[in-house]
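The values are calculated or read from the model by the stated rules, or taken from the named source; none is laboratory data. Here the structure is a predicted model, which means the values were calculated and not measured. Methodologically, a virtual Cβ is constructed for each residue, glycine included, from the backbone with ideal geometry; neighbour enumeration extends over all protein chains shown. Remember, those area values only see protein heavy atoms, side chains included, never the ligands or the DNA or RNA. Shrake-Rupley method; radii C 1.70, N 1.55, O 1.52, S 1.80 Å.
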Amino acid sequence: MSNKTSITKNKKAPVWLWFLSLVPVLSTVLFVLMLGDFIPVNFEEVNAVGTFVFILAIAVWGACGFLFGYFRAKMLTAVLAANAFPLLCAAVYTVCIVGALFGAASLADTGILAALGMGLFSYIDTVIFSFFPQIGYFGLYVDLVFIVFTFVVGFTMGKTKKIGA
């Protein structure tokens, strides 16, 4: 085993790193502020401000993944912990939408609130929905896949940088 590989396996990820798992919560807060017009962004049109905010969200979440990878977190643990809030929101959304489809109409509102948990990444399905309105209830899952994908790409880059590959 090479010296670089043994160095990366000997130490655990620092505690402060796990606080980056709160970034999706902050993303949701920013998204709700944007929806409430406290921060002016028109999500019905693809515009420069919305696109900039979306690209910034990608960069920040990718950087969080990079830090998790760089500071030796285990991949599965990091992906599940860092994306716990969006995963939980997706699970609540799924239960509420399925319940609404089976007649519990009051759950539809809760499902919509749970969909806010995708935060700034909700811009993805907003843009996709403008081109393909058939996406319907599945837009949230597109957001979720993109959130996890962005994190994993950042994580992989951080792990690669750490081992010097």
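If you plug the beta carbon distance of V153 and V95 into 1/(1 + (r/R0)^6) with R0 = 35 Å, you get a FRET efficiency near 0.75. The helix-only estimate of mean residue ellipticity at 222 nm for the chain, built from DSSP H runs of length n ≥ 4 each weighted as -39500 (n - 2.57), is -22500 deg cm²/dmol after division by the residue total. Distance between the C-alpha centres of the range 58-81 and the range 93-163: 19 Å, rounded to the whole angstrom. Once the Cβ-Cβ distance of F38 and L88 is raised to the sixth power relative to R0 = 35 Å, the FRET efficiency obtained is 0.90. Accessible surface area normalised per residue over the range 55-165 is 52 Å², counting heavy atoms of protein chains with a 1.4 Å rolling probe. Place a +1 charge on the Cβ of each Lys and Arg in the chain and a -1 charge on the Cβ of each Asp and Glu, then give the dipole magnitude about the Cα centre in debye, rounded to the nearest 20. Dipole magnitude for the chain comes out near 1440 debye.
Each peptide among 11-22, 74-85, 117-128 gets the average number of other Cβ atoms lying within 10 Å of its residues, and from highest to lowest they stand as 117-128, 74-85, 11-22.
Pick from T28, T51, T150 the residue whose mean-square fluctuation is largest in a GNM of the chain, springs joining Cα atoms under 10 Å. Comparing T28, T51, T150 in the GNM, the peak value goes to T51. Quick one: with all protein chains in place, what share of the accessible area of the chain is carbon or sulfur, to the nearest percent (1.4 Å probe)? Carbon-and-sulfur percentage of accessible area, whole number: 75.
With semi-axes defined as the square roots of five times the eigenvalues of the C-alpha gyration tensor, the equivalent ellipsoid of the range 23-121 measures 26, 22, 9 Å, largest first. Report the percentage of all Cα-Cα pairs in the chain whose separation exceeds 19 Å, rounded to a whole percent. Across the chain, Cα pairs with separations above 19 Å total 59 percent.
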